[in-house]
Amino acid sequence: QIFGYTREEAVGKAIEELIIPPKLRAAHKAGMDRYRRTRVKHVVGKGRIKLEGMHKNTTTFPIEISISSTIMDGEEVFISFLRDITMQVKNEVELVKARDKAVSGERAKAELLAVMSHEMRTPLNGMLGTLELMNDTKLTSKQESYLRIISRSGRILLQHVNDVLDVSRLDSGMMELSKIDYSPSEIVTEVIENLAESANLRGNRVTAHFDPDDLGTFIGDPTRVQQILINLVGNAIKFTRNGKISVDVEWQSD
């Protein structure tokens with residue numbers, strides 16, 4: 001049924017004349033002759049092997065075959081199991097296409113992120129530079145406070161833009177954490193100041209409790225620590241109304 005022959009058409013015929021494509025017949029015959037001479041098994045007993053078969057109408061298609069041998073009545077008999085794997089091969093091809101498409105999409109996304117982050121950094125740097133110039137002008141204490149918050153928020157936004165590029169680094173396993181001196185108390189203070197207005201809009205009050213002298217200076221990645229705090233406090237603000245959010249920081253030795 002697989003090859004399109006009836007029993008009467010197949011029994012008694014040489015197998016290479018029925019199901020082996022003409023281009024492979026010489027190799028098949030040479031392999032059989034070699035086996036008769038040497039009894040060295042290259043295909044027999046080697047498990048499942050993918051080959052090409054030929055239908056009665058001369059069309060070819062992929063097949064999977066396994067061959068073993070045994071002795072019956074003093075003669076060697078070959079036992080073969082064979083199946084048509086056309087659909088399997090087709091599915092494998094489609095899977096490879098899907099993988100290549102996904103890889104291409106990821107590459108395009110990485111390129112887009114790189115371009116967008118670059119385009120966004122330019123105006124942000126211009127804004128931060130202008131804020132620094134404004135800081136050198138005569139300002140009221142309230143204006144200085146507002147300017148400080150805007151500058152810090154701008155630097156945080158710039159860091160987020162830079163972090164977009166970290167997506168490709170994470171995918172490639174090349175993400176590295178910084179190891180520099182930083183002050184946890186300064187980071188906590190900046191986070192509270194930057195999120196205070198957002199908390200006020202929801203009727204919340206954000207406070208921090210820590211001993212600056214006890215915290216001192218640590219070695220690590222301050223940017224990642226800041227990101228974690230912003231996410232934690234930001235979520236607390238988001239899911240709280242008319243309440244109090246407290247950030248308690250303490251240092252514990254091992």
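Readers should treat all values here as calculations from the given coordinates under stated rules, not as data from a laboratory. On a predicted model such as this, the values are computed, not experimentally measured, just so you know. Glycine gets a Cβ as well: all are built from the backbone with ideal geometry, and neighbour counts include every protein chain shown.
Details
- Each of D213 and A26 was given a label point 7 Å from its Cα along the Cα-to-Cβ line. The distance between the two points is 9.4 nm.
- Cα gyration tensor of the stretch 73-163 - equivalent ellipsoid semi-axes, whole Å, descending: 68, 12, 8
- Fully extending the segment from S253 to M116, taken as 0.36 nm per residue of separation minus the present Cα-Cα distance, adds 45.0 nm.
- Taking label points 7 Å from Cα along the Cα-to-Cβ direction, E17 and R152 give a separation of 9.2 nm.
- Annotation: extensible slack from E106 through E52 equals 15.9 nm (criterion: 0.36 nm per residue apart, minus Cα-Cα distance).
- The stretch 216-254 versus the stretch 11-35: alpha-carbon centroid distance in Å: 75
- Compactness of the chain, expressed as Rg and Dmax over alpha-carbon positions, Å: 36.3, 110
- Förster radius 22 Å - calculated FRET efficiency between L95 and S66, Cβ distance, rounded to 0.05: 0.40
- Between E16, E176, E132, the Gaussian network model of the chain with springs among Cα atoms under 10 angstrom shows the greatest mean-square fluctuation at E16.
- Within a Gaussian network of the chain (alpha carbon springs, distance under 10 Å), most fluctuating of R205, R148, R34: R34
- Cα gyration tensor shape of the stretch 185-232, rounded if a/c is under 1.5, else prolate or oblate by comparing a/b with b/c: oblate
- The Cα-based radius of gyration of the stretch 115-254, divided by its Kirkwood radius, gives an Rg/Rh of 0.99.
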